[in-house]
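Have a look at the structure below before the remarks.
The values are calculated or read from the model by the stated rules, or taken from the named source; none is laboratory data. Everything quoted here is computed from the prediction, not taken from an experiment. So basically every Cβ, Gly included, is an ideal-geometry build from the backbone, and we count neighbours across all protein chains shown.
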Amino acid sequence: MSLPKMARLPSVRLLSSIQQQLLPSIAPLTEPRRAASRYEYRRPGEPKKDKYPFQPVNFSFSKGLEGIKKHFALLKKEVTDRWVGPEGKPLLEHMLEQNQVLWEFRGPESLKQWTVSSDHEIGGQSEAHLKLGRNNDTCFLYGTLSSTPPRDGETRYSGYCTMRSQQPLRSFDRKKHFDWSNFNTLHLRVRGDGRPWMINLATETYFSHQGDDMYNYFLYTRGGPYWQEVKIPFSKFFLTSRGRIQDSQHCVWLDKVNTIGFTLGDKADGPLPAGDRFHWRQQRLRSH
């Protein structure tokens, strides 16, 4: 709208017209920084974040001292392990090592290394829970799977339960990567419910846009009372990004592994029966 036409308008309409013309130019200054960011991913169904990135911090002096003690203890362990050998083991033992147990379930402390989630976090109806077995040497992953999407107007597909290991950290919250370069096989001891599961390996990425890259492989379990020994070569894992198989495939970055996860999403809705829970005993690496 030209200025001569705007001058003949009433004052209220004139002000609204000026505001509409100036709003696009001053919007980045008036909107919160998080809301104006175009590259921040927002999960479907999640409310928009209209808060500023800076928030009031509740500082606790006692928690600060505990954090200092914790991180300096981790730093001391890192330094002493370097003098002993790789990963705190003697060099000869590290070179001749054929098997390495990564995760075992031996008490409540072992459950803290895992994070269990489902589509309930985005408004779905699935639920997932994790608890120890009767003898404290296994864990149970159980719950309810529902493929009904949440009524948010955005989500079209839903229905998953997942269990993922937490990112190990060094002192001062630095990432600690698993070095599996000396091994070629992932060895799992499970007792499944007859459903197909997805194994997810997340590695460190070089570029920021590769944050959703993941290596996957299918795990077909057998229902019944017997334990199942699963051996999967790392060469079988395929590269995906946000659930889509990539055209360009390459090997797993074995010396920069961050987490491992297990996902169920076979669209078989309903609660799991009492005897069909998913059991885990241990997970290890094997070199042949």
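Restricting to the stretch 85-121, and then to whatever is modelled with pLDDT under 80 and part of a helix (DSSP H, G or I), can you tell me which residue is nearest to Ala268 (Cα to Cα)?
My answer is Glu87.
Any residue in the stretch 150-171 that is free of Cβ contacts under 8 Å to residues at least 60 places away in the same chain sitting within a Cβ distance under 7 Å of a residue that is assigned to a loop (DSSP other than H, G, I, E, B) and crowded, with 16+ Cβ neighbours inside 10 Å? List the pairs, counting only those 6 or more apart or interchain.
Matching pairs, first to second residue: Arg156/Pro149; Tyr157/Pro149; Ser158/Gly124; Ser158/Ser147; Ser158/Pro149; Ser158/Pro150.
Which numbered condition in (1) out of contact with any Gly (no Cβ under 9 Å at 6 or more places or on another chain); (2) in contact (Cβ under 8 Å) with a residue 60 or more places away in the chain; (3) not in a loop (DSSP other than H, G, I, E, B) is the only one that Phe183 fails?
If we test Phe183 against (1) out of contact with any Gly (no Cβ under 9 Å at 6 or more places or on another chain); (2) in contact (Cβ under 8 Å) with a residue 60 or more places away in the chain; (3) not in a loop (DSSP other than H, G, I, E, B), just (3) comes out false.
What are the pairs with Cβ atoms under 6 angstrom where one residue, in the stretch 61-78, is under 13 Å from Phe172 (Cα atoms) and the other, located anywhere, is assigned to a helix (DSSP H, G or I) and not aliphatic (A, V, I, L, M)? Sequence gap at least six, or different chains.
Listed by first residue and then by second, the contacts come to His71/Ser171; His71/Phe172; Leu74/Ser171; Leu75/Ser171.
From the list Gly261, Gly275, which residue is modelled with pLDDT under 85, out of contact with any Cys (no Cβ under 8 Å at 6 or more places or on another chain) and not aromatic (Phe, Trp, Tyr)?
Checking each option against the conditions leaves just Gly275.
Out of everything in the stretch 149-180 that is small (Gly, Ala, Ser) and outside any strand (DSSP E or B), what residue ends up being nearest to Thr80 (Cα to Cα)? Before you say what the answer is, go through the steps one by one.
Within the stretch 149-180, the first condition is being small (Gly, Ala, Ser), and the residues that meet it are 153, 158-159, 165, 171.
After this cut, where a residue has to be outside any strand (DSSP E or B) as well, the list is 153, 158-159, 171.
Values: Gly153: 55, Ser158: 47, Gly159: 46, Ser171: 13 Å.
Top of the filtered list is Ser171.
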